[in-house]
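The values are calculated or read from the model by the stated rules, or taken from the named source; none is laboratory data. All of these numbers come straight from a predicted model, not from anything done at the bench. We place every Cβ from the backbone using ideal geometry, glycine too, and count neighbours over all the protein chains shown.
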Amino acid sequence: MTLNLCVLTPNRIVWNSEVKEIVLATNSGQIGILPNHAPIATSVDIGILRLRVNDQWLTMALMSGFARIGNNEITILVYDAEKGSDIDPKEAQQTLEIAKTNLRKAEGKRQTIEAKLVLKRARTRVQAINVIS
């Protein structure tokens, strides 16, 4: 048995295919979803989506949003998403280093909060490159 997973951003469909299971980063922690999961709606955190297609695990960087699960259908609506395989490792690492520098230079509460958010996004992209075997 499989799940139909659809990952959408405002600009495109990132994924629309069957998967065997997923591990989703929510604002209250990670949840695993297998076929026949109880229906839920949840917020999605900036984090990694792990999905199992056949016997291979793939990763995707998600940039917060919402998910609806029910009747073996999963719809994830996020501000942005990237497949781990589509992320350039060198560019992602450079972005992470810039984000760390900007956090160190941040002055005031607002700049610090914004810099931490950018850093979390950059870390998530770097983590998404590492595929689970």
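Values for this structure:
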quantity	calculated
Some residue of segment 61-83 being assigned to a helix (DSSP H, G or I), within 16 Å of the chain's Cα centre (by Cα) and buried (at least 19 other Cβ atoms within 10 Å of the Cβ)	no
Those residues of segment 6-50 which are part of a loop (DSSP other than H, G, I, E, B), surrounded by 12 or more Cβ atoms within 10 Å (Cβ to Cβ) and hydrophobic (A, V, I, L, M, F, W, C), in sequence order	Leu34
Qualifying residue in segment 85-107 (condition: within 11 Å of the chain's Cα centre (by Cα) and either without any contact (Cβ under 8 Å) to a residue 12 or more places away in the chain or closer than 14 Å to Thr124 by Cα (or both))	no
Whichever residue in segment 51-60 is in a strand (DSSP E or B) and not hydroxyl-bearing (Ser, Thr, Tyr) and, among such residues, is nearest to Arg125 (Cα to Cα)	Met60
Residues (of a type in the set (A, V, I, L, M), assigned to a helix (DSSP H, G or I) and surrounded by 14 or more Cβ atoms within 10 Å (Cβ to Cβ)) located in segment 97-116	Ala99, Leu103, Ala115
Residue list for segment 44-84, restricted to those being polar (S, T, N, Q), farther than 18 Å from Asn130 by Cβ and touching a residue at least 24 places away in the same chain (Cβ under 8 Å)	Asn54, Asn71, Asn72, Thr75
Where a residue in segment 1-20 is closer than 15 Å to Leu62 by Cα and its partner, wherever it lies, is part of a loop (DSSP other than H, G, I, E, B), with Cβ under 9 Å and at least six apart	Thr9/Tyr79; Thr9/Asp80; Pro10/Tyr79; Pro10/Asp80; Asn11/Asp80; Val14/Asp80
Val118 vs. criteria over 18 Å from Arg50 (Cβ atoms) and modelled with pLDDT of 95 or more	yes
Asn16 over 22 Å from Arg121 (Cα atoms) and touching a Cys at 6+ places or on another chain (Cβ under 6 Å)	yes
